[in-house]
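The values are calculated or read from the model by the stated rules, or taken from the named source; none is laboratory data. If you're wondering where the values come from, they're calculated on a predicted model, not measured in any experiment. We place every Cβ from the backbone using ideal geometry, glycine too, and count neighbours over all the protein chains shown.
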């Protein structure tokens, strides 16, 4: 099939008009149908993907390419393509999308509007991972904002309006700087001829081209542009001190949206680092590396400590995301082969594992209508299946050997130990704290004296199991056979670690 | 005298408007005209004006001994004015804040403003500039006072008059200084003479230019001549507010661009500096003041102030490209602002303009609210809407010139502006309504169609803006 990437990206929004032709409570079926179809359509992407092609800065190595003239006067192209990094993220997005539809099964309020926004979000996320043109990338990046705003703002918890606008403003703040940086990169493109094509720009940089521009506020051009990009992406990751939107957004968002936030959205930031920010300015990256490692360590340790202090289960998981994303940053910052491979593997694994955690919080919240860790107790005796499933998910989050999280954290730490011993050792604390808050929370919820209010708590139901079990399978499978996913991105990332 | 007559053939649209002014003001004295619908005549006049401007092509010509300059620049802007006034008439039809019995006079005033704006886009002589500005200002004062629903509209109008005459006074003083420095009032010879004069770069040189700029800043409501704006916008009948927030502002911007167009290269740096400063202050003040507004018309007034600041970015770079992208943004700005005001007229039913009163309207009027939301997101400059593309180009021309501070301030401002636009959206879509939904059953559905007609091109231009870029590339001065 031609134009397979366009199909995969735009299929979700094609059903939005159809939602209004269906009865209001059937919208979820349409959404489920199209996400499954999208998955099936995307299968040739994974089977036909040539794992030996590098991509990154080589236009010929990008696969399933599509290029159309869009705005000729500026040289903006509609340009899509995938390499090892993007294909992994596409897989993650499709899986999380499917899981999130199932997690939205109980949405009753304005169902059509919810799924319209949901599918628009899905298209925007897929688009970010395949866009090869900076303007196209920016467009998808921004289009994601307002469905997200409404999804949190309309269907969220009690403080949803505050959380939604905070998320919106934070991200926009970063992306406006990014827009200015994009214009600057385009205008002062190395080699004279201006282009928005990311791959073409990377290629020129690799050939020895540099961005020669005037000083900005007395600082060298490349550094300022680098920092502008960095802040834009760092807010999404989120990197300390830009992380404060995350706990609010996660806690107030409905379950499915928390899943998407943690599962896919956070990865966009690190994807942006790998695709645009760092390879475009390799020299500035070297200057920035030590600082980045420091930020990564702060993220890991500070996130874990915050998680330890939370009384709200969802907020605890939100902070654990901050901590786990710190590992991704550490791996990228180390810029060794293992480090970067581990970082992308961690992006995938964190996506699946945290999605699971949020789904499981959603299960208990739907029944008990609160999320205070101390408010439960002894649930293992009432809902044994739920307790068992949760235990697997928590073990995965801790990074138990045999689960996927272990492999990626191991890779990252071995990768970074070569170059940054002390920070790596401190980061190890994050894992210990991680075991601490996870097990402690598990113990308080499932063991101990049974809280009499929850004697009749309903067991996890079929739809909920359907959304969690596939993720458990992925986690265990990749824990035992991590190479099944590593082969997709290895070639690209080995090359990337060389050029950084 | 006879030698000037042939010039008239270059300004047919001005003549049409001139005749229209006479007809409308004398209408009640002309027998037989009473039974004719004034709206019909006015629409015909607008169409005739639009078509004649369209037919004139791209020939440029200096008229009346360098008093006026007609070129594709002035013609494109004039066509825009005809369209905007046409939309205003459509809004007046769907709104009852104005007394229907004085329609003849209102159309006479609008014709006068239109003629004034056409002068502003072509004026190349400082006295012509003053005439243009006053032709626009005087009828505006009256139009603001015509709201029969809003008791303090007379007060707002008086405030408007005072500020207007103050600004004109400053401007005339500035002009006299310029004349004293150079001995000429024609822009073409004024700038070279200023650059060559011994006073070049001295305080008096700046004072003269800034004072002359005051009158024009008043028209675009740039800081510090913006004080009239929120009051006048709030008090005026809503269609007039919509009109004032777009047309005279566009004319003022066009005039400023014309005013600076003839500067000689040595001056460009300081002039850029002056305009950048005004732009930064205007957008920042407009945005931060908008954050606290509770009345939707006042909110849009401040938003239009900050947009004037954004548009000044394109003027600050002082080149042809900048002017073209100002035109680009103005087209989109007109679309989104007119769409937003039409939505307000419909949703408020001409009575309650408090943002609170829009709570939960998504439930009863989803299509209208979605259209309005698109206009607001576009005003905030979010992709994939036209407003983003407009800002994108303005950012580009500014970065091209290396005005990083201006780019950074504008960037921060577009984030701030999101907050209040989203506040309105939040009220309509997220908030629950307490009490009864307003009854929309008696209202015509024309406004809904109109807002959708604004929203569609906003989205289309946000995704594929080639046609509009090509159109802006045709906008040439001289």
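Within the stretch A:469-486, does at least one residue satisfy the condition of being farther than 19 Å from residue A:404 by Cβ, in contact with a helix residue (DSSP H, G or I) (Cβ under 9 Å, 6 or more places away or on another chain) and crowded, with 21+ Cβ neighbours inside 10 Å?
No, every residue in the stretch A:469-486 fails to be farther than 19 Å from residue A:404 by Cβ, in contact with a helix residue (DSSP H, G or I) (Cβ under 9 Å, 6 or more places away or on another chain) and crowded, with 21+ Cβ neighbours inside 10 Å.
Has the stretch A:200-222 got at least one residue that is modelled with pLDDT of 90 or more, more than 10 Å from chain B (Cβ to nearest Cβ) and buried (at least 24 other Cβ atoms within 10 Å of the Cβ)?
Checked the stretch A:200-222: no residue is modelled with pLDDT of 90 or more, more than 10 Å from chain B (Cβ to nearest Cβ) and buried (at least 24 other Cβ atoms within 10 Å of the Cβ).
Of the residues that make up the stretch B:331-351, is at least one out of contact with any strand residue (DSSP E or B) (no Cβ under 7 Å at 6 or more places or on another chain), in contact (Cβ under 8 Å) with a residue 12 or more places away in the chain and within 14 Å of chain A (Cβ to nearest Cβ)?
No.
Regarding residue A:257, is this residue within 14 Å of another protein chain (Cβ to nearest Cβ) and either outside any loop (DSSP other than H, G, I, E, B) or surrounded by fewer than 19 Cβ atoms within 10 Å (Cβ to Cβ) (or both)?
The answer is no for residue A:257.
If I ask for residues that are at the interface with chain A (Cβ under 8 Å from one of its Cβ atoms) and within 15 Å of residue A:173 (Cβ to Cβ), which ones from the stretch B:397-447 would you list?
Listed by number, the residues that qualify are B:407, B:408, B:411, B:412, B:414, B:415, B:418, B:419, B:422.
Could you list, in sequence order, all residues of the stretch B:174-187 that are surrounded by fewer than 16 Cβ atoms within 10 Å (Cβ to Cβ) and part of a helix (DSSP H, G or I)?
B:176, B:179, B:180
Considering each residue of the stretch B:194-203, count those that are assigned to a helix (DSSP H, G or I) and exposed (fewer than 14 other Cβ atoms within 10 Å of the Cβ), and give that number.
Result for the stretch B:194-203: 2.
Yes/no matrix, rows are residues, columns are (1) crowded, with 20+ Cβ neighbours inside 10 Å; (2) within 21 Å of residue A:242 (Cβ to Cβ); (3) within 8 Å of chain B (Cβ to nearest Cβ):
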{"site": "A:170", "(1), (2), (3)": "yes, yes, no"}
{"site": "A:187", "(1), (2), (3)": "no, no, yes"}
{"site": "A:191", "(1), (2), (3)": "no, no, no"}
{"site": "A:194", "(1), (2), (3)": "no, no, no"}
{"site": "A:198", "(1), (2), (3)": "yes, no, no"}
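Output the number of residues of the stretch B:211-244 satisfying the condition of being under 16 Å from the mean Cα position of the chain (by Cα) and assigned to a helix (DSSP H, G or I).
Result for the stretch B:211-244: 18.
Conditions (1) within 31 Å of the chain's Cα centre (by Cα); (2) farther than 22 Å from residue B:398 by Cβ, marked per residue:
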site	(1), (2)
A:197	yes, yes
A:200	yes, yes
A:203	yes, yes
A:211	yes, no
A:215	no, no
A:222	yes, no
A:228	yes, no
A:231	yes, no
A:234	yes, yes
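Report whether or not residue B:208 is within 23 Å of residue B:417 (Cα to Cα), out of contact with any strand residue (DSSP E or B) (no Cβ under 7 Å at 6 or more places or on another chain), outside any loop (DSSP other than H, G, I, E, B) and modelled with pLDDT of 90 or more.
no
Run residue B:383 past the list (1) in a helix (DSSP H, G or I); (2) within 11 Å of chain A (Cβ to nearest Cβ); (3) more than 19 Å from residue B:251 (Cα to Cα) and report the number of the one that doesn't hold.
Failing condition for residue B:383: (1).
Could you list, in sequence order, all residues of the stretch A:447-464 that are closer than 26 Å to residue A:104 by Cβ and in contact (Cβ under 8 Å) with a residue 60 or more places away in the chain?
Listed by number, the residues that qualify are A:454, A:456, A:457, A:458, A:459, A:460, A:463, A:464.
Name the residues in the stretch B:140-179 that are more than 25 Å from the chain's Cα centre (by Cα) and free of Cβ contacts under 8 Å to residues at least 12 places away in the same chain, would you?
If the condition is that a residue be more than 25 Å from the chain's Cα centre (by Cα) and free of Cβ contacts under 8 Å to residues at least 12 places away in the same chain, then B:151, B:176 are the ones that fit.
Suppose we filter A:377, A:415 for residues that are more than 25 Å from residue A:96 (Cβ to Cβ) and assigned to a loop (DSSP other than H, G, I, E, B); which single one remains?
Exactly one of A:377, A:415 is more than 25 Å from residue A:96 (Cβ to Cβ) and assigned to a loop (DSSP other than H, G, I, E, B), namely A:377.
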